[in-house]
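To keep things clear, I will list the structure first and then write my remarks on it.
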Number of protein chains: 2
Amino acid sequence: MADHRDTGLTLDPKYDAAGLVTAVVVDPLGNPLMVAHMNDAALRLTIDSGEAHFWSRSRGRLWKKGETSGNVMRVIDLRIDCDQDAIWVVAEPAGPACHTGATSCFFRRIDGDRLVPVE
Amino acid sequence: MADHRDTGLTLDPKYDAAGLVTAVVVDPLGNPLMVAHMNDAALRLTIDSGEAHFWSRSRGRLWKKGETSGNVMRVIDLRIDCDQDAIWVVAEPAGPACHTGATSCFFRRIDGDRLVPVE
């Protein structure tokens, strides 16, 4: 099953049918911030600018995180997984990552069928 | 845009058209291990057994991580994001997470158009 994507040293993202890869963002301590998607343009802008860009599926457009809120994410490290369909973004956030105002989108723990706030 | 999923305390995953949510797995120190997918059965088994289960898109079947390799992932913490379409799994891995044998699937850093090994 391994191919050049799994072991090579060339960036060759495996975009899905919608042209997207998954993007996971954590803070410099490894705390989860958010999960979103990038298309080719968003990944390119993220690499070139050092600030996290995404593709908004709900709005159907390119989106620089913090473009309205000011809560930009300065990229510290950028990795890609074995089959190159997921990007790992370590970033310093200028403010809350979540649209709810929470520091992280992952502000609830799963406990059976219930959710428990962690902040 | 906020609905009960964003702020409520009921587990109500927003599965995509294929019946899947994104599952991100990190080790107890917050180091990235892998990104995969869960369907309802995989999430339920993960919650109930305390071991990470996924839906394999390539094999089209439920998959307990480590079922053949022995490298099971014991779940320490399980979180869900604001819109409930991504699961954050903190797990203690019994061995390498990646099918390449690497500790983590994210063993390459993106540097422009090149990838640089991080292990």
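Among (1) under 26 Å from residue B:78 (Cβ atoms); (2) surrounded by 19 or more Cβ atoms within 10 Å (Cβ to Cβ); (3) in contact (Cβ under 8 Å) with a residue 24 or more places away in the chain, there is one condition residue A:55 misses while meeting the rest; what is its number?
(1)
Residue by residue through region B:65-105, note down the ones that are of a type in the set (A, V, I, L, M, F, W, C) and surrounded by fewer than 13 Cβ atoms within 10 Å (Cβ to Cβ).
none
Exactly one condition in (1) at negative phi; (2) more than 13 Å from chain A (Cβ to nearest Cβ); (3) modelled with pLDDT of 95 or more is not met by residue B:96; state its number.
Residue B:96 satisfies all of (1) at negative phi; (2) more than 13 Å from chain A (Cβ to nearest Cβ); (3) modelled with pLDDT of 95 or more except (2).
Regarding region A:104-112, can at least one residue be identified that is part of a loop (DSSP other than H, G, I, E, B) and either polar (S, T, N, Q) or within 27 Å of residue B:99 (Cβ to Cβ) (or both)?
Yes, region A:104-112 contains a residue that is part of a loop (DSSP other than H, G, I, E, B) and either polar (S, T, N, Q) or within 27 Å of residue B:99 (Cβ to Cβ) (or both).
Out of contact with any helix residue (DSSP H, G or I) (no Cβ under 6 Å at 6 or more places or on another chain), basic (Lys, Arg) and surrounded by 19 or more Cβ atoms within 10 Å (Cβ to Cβ): does that describe residue B:108?
Criteria met by residue B:108.
When you look at residue B:48, is it surrounded by 14 or more Cβ atoms within 10 Å (Cβ to Cβ) and more than 15 Å from residue B:36 (Cα to Cα), yes or no?
Criteria not met by residue B:48.
The values are calculated or read from the model by the stated rules, or taken from the named source; none is laboratory data. As the structure is a computational prediction, the values presented were derived from the model and not from experiment. For neighbour counting, all protein chains shown are included, and Cβ atoms are generated from backbone atoms with ideal geometry for every residue, glycine included.
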